[in-house]
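J.: Quick one: the structure is below, and I'll ask about it shortly.
Computed from the coordinates by the stated procedures, all read-outs in this text should not be read as laboratory data. These numbers were taken from a predicted model, which means no experiment stands behind them. Because the Cβ atoms are built from the backbone with ideal geometry, glycine has one as well, and the counts that use them run over all protein chains shown.
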Amino acid sequence: MMPRDAAPVLLWLRAELRLDDNPALAGALASGRQVLPVFVLDDLAPGHWAPGGAARWWLHHSLAALDADLAARGAPLVLRRGEARREIPRLVAETGALEVHAGDPTEPWARHQMEALERDLAGQGRRLVLHRARALFDPDAIRTGTGGWFSVFSPFARACHARGLDGPPCPAPAHIPSPPPPPSDRLADWSLTPRAPDWASGLAATWRPGEAGARAALRAFLDASLAAYDRRRDVPGIVATSRLSPHLAWGEISPRRVWLAASGAGQGRGLTSFLNELLWREFSQYLLHHHPHLPEAPLRAEFARFPWREDPAALRAWQRGRTGIPLVDAGMRELWQTGWMHNRVRMITASYLVKHLLISWREGAAWFWDTLVDADLGSNSASWQWVAGCGADAAPYFRIFNPVLQGQKFDPDGAYVRRFVPELAPLPDRFLHAPWEAPEPVLAAARVRLGGTYPRPVVLPAAGRERALAAFHGLDGIPA
DNA sequence: TGAAATGTTGGGGCG
DNA sequence: ACGCCCCAACATTTC
């Protein structure tokens, strides 16, 4: 064991894979000791939400980028795999570290893990120091006038604006003094990227994981899209959203940095609208913080007895983009191919699963969890509950998206559907979003055979709407 | 961050 | 010239 005055501190990086504006890193450096950055892949124990397939692909590349960024500042990145509650104390013992600095956990399972670890470390005379690194605001500090928790977005957002950001960002250090590292796993041995089959080529063509990629995405968004964000963000066929969600989910960029950069670059409706989206992300984290069962149980208790349908064939058709509804299929295929889906289309595909197919939002959440590169437990859970109508500030049961009308409204030239459902591309705009309404000669001219080259609708929009209204009727407003 | 049904109004075709 | 009807356009209500 090394002498106490030379002992280092651990920087335990979890979902804040960045050096810029990282309060955990700043806290570790402020100790005045050498800093050893570590990452623990804790995906072996059952019982928590381990990263899904797409997220693991992202994690691999983000860790590779982080390793290079740390090396440029003279620091290693130590990789370990196993239960964090065992691996962190083990690393503490190996290095003689006095303190462990980490970002504060938002997931309920991670909070329990942290509390146990804090006790364990305290038993060894070591300190666990948590820093808020993922949220803009302390969730315990945003309260209603009567001291309660917000359950409606608008007043929550007002309270956030009123509070304001707390302090300037902390820039990345030029140098990170670090001790000789203990043994590390090799990233390649974790097999986070797919081999056979390699389904990740579409992801690699779409994304640049890592802190530099996050900064580039932010810059590109501010330059090209912020000014007209409020008008263009709902059009899935163009690149008009920030596409920062996976970078934010892994903490490759801090929400504070995004907030400040946008505020400095924009104004008016475009800016207001974008900051609101950041606050929706904040609201989701806030809800998860105050409602730990959000991923499993409906916030509105009466929904616990809703008779969701079991329909494996329909679920699979939805997952694979074979529902026969062009806009729904385009969205689900974008997700499958790129690990991401445009936000408006997320609402439409989710609404189709929950309302038209009457399949539980938890099935949808599980699929998104496995296929999204930006999978985040708070956002995923809160958003699915919102669509299903059982969440906070939720869409009422009778608010049912018509995927044909949504297509005509937000994808009028069919650019989005044609990109992801190419077998329908030759159809004229008029029938692109509802091919079952096209006359036979029009289908023939476009070489579309319904039930052949493209499926007939699993459930037609009008019929699904009627069925959903009947199913949800009486549940609304009636306490369990 | 909805859609559909229903109600209202006003212009224009037409007997 | 007038009343009637149709219907588009918009507003309101309902689910």
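J.: Tell me, what ³J(HN,Hα) does each residue in region A:12-18 have, in order and in whole Hz, if you take phi through Karplus 6.51 cos²θ - 1.76 cosθ + 1.60 with θ = phi - 60° and put x for Gly and Pro?
T.: Working through the residues one at a time gives 8, 8, 10, 10, 9, 8, 8 Hz.
J.: Given a Förster radius of 60 Å and the C-beta distance between A:F398 and A:D5 as r, what FRET efficiency does 1/(1 + (r/R0)^6) yield to the nearest 0.05?
T.: After rounding, the FRET efficiency stands at 0.35.
J.: As a test of the formula, what do you get for chain A when each DSSP H run with n ≥ 4 contributes -39,500 (n - 2.57) and the sum is divided by the residue count, at 222 nm and rounded to the nearest 500 deg cm²/dmol?
T.: -13500 deg cm²/dmol
J.: Per 0.36 nm of contour for each residue apart, how much would the distance between A:R449 and A:D140 grow if the chain were fully extended, relative to their Cα-Cα spacing?
T.: Here the segment from A:R449 to A:D140 would lengthen by 105.6 nm.
J.: Going by amide H atoms built from the backbone, whose H comes under 5 Å of the H on A:G237, apart from near neighbours?
T.: Sorted by chain and number, the residues that satisfy this are A:Y416.
J.: Continuing with the same structure: Applying a 10 Å radius around every beta-carbon, put A:418-425, A:259-266 in order of their mean neighbour count, most first.
T.: Top to bottom by mean Cβ count within 10 Å: A:418-425, A:259-266.
J.: Packing-wise, with mean Cβ within 10 Å as the measure, how do A:145-158, A:345-358 rank, highest first?
T.: Ranked from most to least packed, the peptides come out as A:345-358, A:145-158.
J.: Sticking with this structure for a sec: Run the quick spin-label model on A:R309 and A:A50: label points 7 Å from Cα toward the beta carbon, then report their separation in nm to one decimal.
T.: 3.3
J.: Remind me, relative contact order of region A:317-416 in percent, using alpha carbon pairs under 8 angstrom and six or more residues apart?
T.: Across region A:317-416, relative contact order equals 24 percent.
J.: Okay, moving on. Applying a 10 Å radius around every beta-carbon, put A:375-382, A:184-191, A:450-457, A:209-216 in order of their mean neighbour count, most first.
T.: Ranking the peptides A:375-382, A:184-191, A:450-457, A:209-216 by packing returns A:375-382, A:209-216, A:450-457, A:184-191.
J.: Related question: Taking only C-alpha pairs under 8 Å that are 6+ residues apart, what is the relative contact order of region A:301-472 in percent?
T.: For region A:301-472, the relative contact order is 26 percent.
J.: Do any trypsin sites (Lys or Arg not before Pro) in region A:232-310 lie in a DSSP loop with no more than 13 other beta carbon atoms within 10 Å, and if so, which?
T.: A:R309
J.: Still on this model: If you find the alpha carbon centre of region A:35-72 and of region A:404-480, how far apart are they in angstrom?
T.: About 39 Å separates the Cα centre of region A:35-72 from the one of region A:404-480.
J.: What are the ³J(HN,Hα) couplings of region A:65-79, residue after residue, when phi is run through the Karplus curve with 6.51, -1.76, 1.60 and θ = phi - 60°? Round to Hz, x for glycine and proline.
T.: 5, 4, 4, 5, 5, 5, 4, 5, 10, x, 10, x, 10, 8, 10
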